[in-house]
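What follows is calculated from the coordinates using simple rules that are stated; it is not laboratory data. Treat the numbers as computed from the prediction; the structure is a model and nothing was measured. Please note: Cβ atoms are built from the backbone with ideal geometry, for glycine as well, and neighbour counts cover all protein chains shown.
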Amino acid sequence: MAKLTWKAGALLAPVPPALVTCGTMEHPNVLTIGWTGIVCTHPAMTYISVRPARHSYGIIEQSREFVINLPTSSMAKAVDFCGMRTGAKLDKLAKCRLTPVPAETVAAPLIAECPVSLECKVTEMRPLGSHTMFLAEITAVQVEERLVDSKGKLNLQQAGLLAYAHGEYFALGRKCGDFGFSVRKKPRR
Ligand SMILES: Cc1cc2nc3c(=O)[nH]c(=O)nc-3n(C[C@H](O)[C@H](O)[C@H](O)COP(=O)(O)O)c2cc1C
């Protein structure tokens, strides 16, 4: 397959267009973050990269806490809006009809409409250039009860999560395997 060599760029896709909440229940804010991921399993650690100009930047810098909320495909419009407008000028949660609910381990609220939320405490701030990376420990995970079956297994396929790839939003599609399926022995009949 012929390939074109492009100049360096941030083309990693798909990524979760996370709704990141910060502040407090009384004064919450939310912004959309594409630059996020998991960096360690034990301890469970994540990062978000935020431009210093964002209103949320100062809030997270001061509180050293935030929540990563994973949105569903039906929330695409709210996700885009929270990434286009600043919380310095309006209450984005109220405007998008997103419900803040108290978290267990941080003062920042969760978003009730998001099926999965990761509560995070910042361990390190690293300025990288356009963005500063907030490295953080995940201190609690909240999952919607209806997605957990009687054996305690989380069925994320039923959540209808939203993905973001190179400027476009997608609904996650058909399941095509699960962890380890390529090497799993078939049960004997
Ligand atoms: C899909 C999408 C992904 C985004 N990812 C990031 C990101 O990773 N880091 C960042 O600083 N801004 C990102 N933004 C932009 C912020 O969400 C946007 O500037 C927002 O209005 C900031 O809100 P605030 O001023 O209330 O903090 C993204 C926007 C969109 C639509």
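Within the straight-line cut-off of under 16 Å between alpha carbons, the aspartates and glutamates reachable from LYS153 are GLU144, GLU145, ASP178, sequence neighbours fewer than 8 places apart in one chain being disregarded. Eigen-decomposition of the gyration tensor built on the alpha-carbon atoms of the chain gives equivalent ellipsoid semi-axes of 28, 22, 17 angstrom, largest listed first. Think of the chain as a dipole: +1 on every Lys or Arg Cβ, -1 on every Asp or Glu Cβ, centred on the Cα centre; then among SER182, ASN69, ILE111, SER182 lies furthest on the positive end.
For the range 23-82 and the range 1-18, compute the distance between their C-alpha centroids and round to whole Å. About 22 Å separates the Cα centre of the range 23-82 from the one of the range 1-18.
With a Förster radius of 35 Å applied to the beta-carbon distance between ALA8 and LYS89, the computed FRET efficiency rounds to 0.55. Legend: ranking of residues LEU31, LEU128, LEU70 from fewest to most surrounding C-beta atoms inside 10 Å; resulting order LEU128, LEU70, LEU31. The magnitude of the dipole of the chain, with charges of +1 and -1 set on the Cβ of Lys/Arg and Asp/Glu and taken from the Cα centre, is near 1000 debye. Listed by chain and number, the lysines whose alpha-carbon sits under 26 Å from that of LYS77, ignoring those within fewer than 8 places in the same chain, are LYS89, LYS92, LYS95, LYS175.
Loop sites only, by DSSP: take the chymotrypsin sites (Phe, Trp or Tyr not before Pro) in the chain that have at most 13 other C-beta atoms within 10 Å and name the longest stretch containing none of them.
Counting only loop sites that pass the neighbour cut-off, the longest clear stretch is 7-178.
Students often forget the sequence filter, so: which aspartates and glutamates lie under 19 Å Cα-Cα from LYS7 once same-chain residues fewer than 8 apart are removed? Excluding near neighbours in sequence, the set is empty.
Placing a label point 7 Å from the Cα of ALA76 along the Cα-to-Cβ direction, the residues of the range 133-172 with a backbone N closer than 20 Å are 157-172. Among LYS121, LYS153, LYS92, determine the one that fluctuates most according to a GNM of the chain built with springs between C-alpha atoms less than 10 Å apart. Of LYS121, LYS153, LYS92, the most mobile in the Gaussian network model is LYS153.
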